[in-house]
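Written out below as structure tokens is the structure these notes cover.
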Amino acid sequence: MLPFARQLEHLGYADLKAENVSTLQVNLGWRCNQACKHCHLMAGPHRPEQMERDTIDAVIRVAARWSIPTVDLTGGAPELNPHFEYLVEQLDRLGTHILTRSNLTILFEPGKEHLAEFYRDHRVELVCSLPYYQEDLVDRLRGKGVFQKSLEALRRLNRVGYGEPDSGLRLNLMYNPAGAYLPPEQGALEVQFRRELADRYDIRFHRLLTLLNMPIGRFKEFLERSRNYNRYMGKLVSGFNPATVPGLMCRTLISVAWDGRLYDCDFNQALDRPLLEGLPRTIGEFDLPTLATRTIRLGDHCYGCTAGLGSSCGGRLAQN
Amino acid sequence: MSHYYEENDLERFDEIGKYRPDLYDIFMNYYQGVMSAGALTTREKALIALAVAHAVQCPYCIDAYTRGSLSAGSNLEEMTEAIHVAAAIRGGATLIHGIQAVNAAAKITL
């Protein structure tokens, strides 16, 4: 396999450089009320990793000091962090665009029943995991009973205004394949999801985003166990699409881990590959001019973001 | 060779172009043109391909278009329906040829 960095060299990228830092993606911890089969972080109910209050305060200081436009909250289930609501309130006061990646079933955890209204009151944009519109497939991937709870959560979000065309309360869904294959074309799948969710369950949403399963963490374990790893990696490498490179999310994002360490993306965080030597190491050392022009740390898993139409936390990267 | 059908042979498809690359290129251009989105979507075409793959009982095509259908956003319920369509047409085609047997029998019986 041609190393990813060499692949980029052929395109004229001696190094892959960041363009700016418009998003701070903050991983609030690896604890989750679900244990999905594809999770690259191997998150689950028994994970102890949680961002502490002093690190959260450092995130708020960085967002304020450097006027970071978007803070993207992820996990685990970010809402399980005891300081989640404090963080959202503080960021909202700053006028920061807040995005939360929600697994939906969190809305039914004890003490979390008010989350739909809380999100609404702080105009939080939601990206909610829903890998398909059929029960058996979703439950197989995300756990028994998850599909029905997810539908109920989406209905609850619709009731408070999320997903309505003119409400300004953005409700996006995140699709990922239920196995060793690439995601469908995002636009066509969005049409399919919109029709099926409306007709079957009377659920509305704004956009569907497609995300490829990164060959790391639990998904890598599945690939190896099922002897699909080589073929899957081959598919990613042969599907390398140069048109995806300009839009790679690492070029506009910094990932902050639960312990405050900085990474180029959540996947590098999962692999514990921090920023390159000489760059700020923690949120406390954050320096925008340095980070906005940094060289990005690459690995062969990066083929996961450049295959086909590309993949990112914001969906596909290239058009058909 | 332990089996007539080897999984990795699918990836060797382009070796067929070794001796008559001109014909191979014509076929591949045609194939890609056919399978691209047109009046039908790529998802619909993958389901048709899956059904045909079963009708012609090609293990390579079944493998490729199972992946292709899933990658295009189809689910096993839809894929199974497509395979039933192939089965129904094959079954119907078998039965309608029964008329040929009836005709042939009529021709030679008193």
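Does A:N103 count as of a type outside the set (A, V, I, L, M, F, W, C) and either over 30 Å from A:E221 (Cα atoms) or away from every other protein chain (no Cβ under 14 Å) (or both)? Answer is yes for this residue. Kindly evaluate A:F147 against the criterion of being within 14 Å of chain B (Cβ to nearest Cβ), part of a helix (DSSP H, G or I) and either at pLDDT 95 or above or crowded, with 17+ Cβ neighbours inside 10 Å (or both). Yes. Only one of the numbered conditions (1) touching a helix residue (DSSP H, G or I) at 6+ places or on another chain (Cβ under 9 Å); (2) part of a helix (DSSP H, G or I) is violated by A:A180, and that is (2). Annotation: of all residues in the stretch A:209-243 being more than 14 Å from chain B (Cβ to nearest Cβ) and farther than 30 Å from A:L126 by Cβ, the one that is surrounded by the most Cβ atoms within 10 Å (Cβ to Cβ) is A:F240.
The set of residues from the stretch B:47-60 being assigned to a helix (DSSP H, G or I) and either buried (at least 18 other Cβ atoms within 10 Å of the Cβ) or of a type in the set (V, I, T) (or both) comprises B:L47, B:I48, B:A49, B:L50, B:A51, B:V52, B:A53, B:H54.
Just one of the listed residues (B:H3, B:H54) is in contact (Cβ under 8 Å) with a residue 24 or more places away in the chain, over 24 Å from A:A188 (Cα atoms) and of a type outside the set (A, V, I, L, M), and it is B:H54. Among the residues of the stretch A:150-177, the ones that are modelled with pLDDT of 95 or more and among the small types (G, A, S) come to 4 in all. Residue check: A:G161 meets all listed conditions (1) within 22 Å of A:Q192 (Cα to Cα); (2) in contact with a Lys or Arg (Cβ under 8 Å, 6 or more places away or on another chain); (3) part of a loop (DSSP other than H, G, I, E, B); (4) of a type outside the set (V, I, T) but one, namely (1). When A:D300, A:D272 are checked against the criterion of being over 28 Å from A:P78 (Cβ atoms), of a type in the set (D, E, K, R) and surrounded by fewer than 21 Cβ atoms within 10 Å (Cβ to Cβ), A:D300 stands alone in meeting it. Taking the stretch A:181-208 as the range and being away from every other protein chain (no Cβ under 11 Å) and in contact with a strand residue (DSSP E or B) (Cβ under 7 Å, 6 or more places away or on another chain) as the test, the residues that pass are A:F205, A:H206, A:R207. Just to verify a result, which residue in the stretch B:1-38, among those that are surrounded by 10 or more Cβ atoms within 10 Å (Cβ to Cβ) and under 30 Å from A:F193 (Cβ atoms), is nearest to the other protein chains (Cβ to nearest Cβ)? Restricting to residues being surrounded by 10 or more Cβ atoms within 10 Å (Cβ to Cβ) and under 30 Å from A:F193 (Cβ atoms), the top hit is B:A37.
For the stretch B:1-46, filtering for residues that are aliphatic (A, V, I, L, M) and outside any loop (DSSP other than H, G, I, E, B) leaves 8. Only residues that are under 24 Å from B:G73 (Cα atoms) and aliphatic (A, V, I, L, M) were counted across the stretch B:1-27, and they come to 1.
Where helices (runs of 4 or more DSSP H) fall entirely within the stretch A:1-116, those with at least 3 residues that are in contact (Cβ under 8 Å) with a residue 60 or more places away in the chain are at A:4-10, A:53-65.
With the requirement that a residue be surrounded by 23 or more Cβ atoms within 10 Å (Cβ to Cβ) and either assigned to a loop (DSSP other than H, G, I, E, B) or more than 21 Å from the chain's Cα centre (by Cα) (or both), what does the stretch A:259-269 give you? Once the filter is applied, which keeps residues that are surrounded by 23 or more Cβ atoms within 10 Å (Cβ to Cβ) and either assigned to a loop (DSSP other than H, G, I, E, B) or more than 21 Å from the chain's Cα centre (by Cα) (or both), the stretch A:259-269 yields A:D264, A:C265. Taking the options B:T41, B:T66, name whichever one is closer than 20 Å to A:Q319 by Cα, among the β-branched types (V, I, T), within 11 Å of chain A (Cβ to nearest Cβ) and more than 10 Å from the chain's Cα centre (by Cα). Testing whether each residue is closer than 20 Å to A:Q319 by Cα, among the β-branched types (V, I, T), within 11 Å of chain A (Cβ to nearest Cβ) and more than 10 Å from the chain's Cα centre (by Cα) leaves just B:T41. For the stretch B:77-100, the count of residues that are within 13 Å of another protein chain (Cβ to nearest Cβ), in contact (Cβ under 8 Å) with a residue 40 or more places away in the chain, surrounded by 13 or more Cβ atoms within 10 Å (Cβ to Cβ) and part of a helix (DSSP H, G or I) is zero. Checking A:G278 against (1) in contact with a Gly (Cβ under 8 Å, 6 or more places away or on another chain); (2) part of a loop (DSSP other than H, G, I, E, B); (3) surrounded by fewer than 22 Cβ atoms within 10 Å (Cβ to Cβ), which test does it fail? If we test A:G278 against (1) in contact with a Gly (Cβ under 8 Å, 6 or more places away or on another chain); (2) part of a loop (DSSP other than H, G, I, E, B); (3) surrounded by fewer than 22 Cβ atoms within 10 Å (Cβ to Cβ), just (1) comes out false. In the set A:V138, A:V88, only one residue is within 14 Å of chain B (Cβ to nearest Cβ) and either surrounded by 23 or more Cβ atoms within 10 Å (Cβ to Cβ) or not polar (S, T, N, Q) (or both); that residue is A:V138.
The values are calculated or read from the model by the stated rules, or taken from the named source; none is laboratory data. Computed from a predicted model, the values in this text were never measured in an experiment. Positions of Cβ are backbone-derived with ideal geometry, glycine not excepted, and every protein chain shown enters the neighbour counts.
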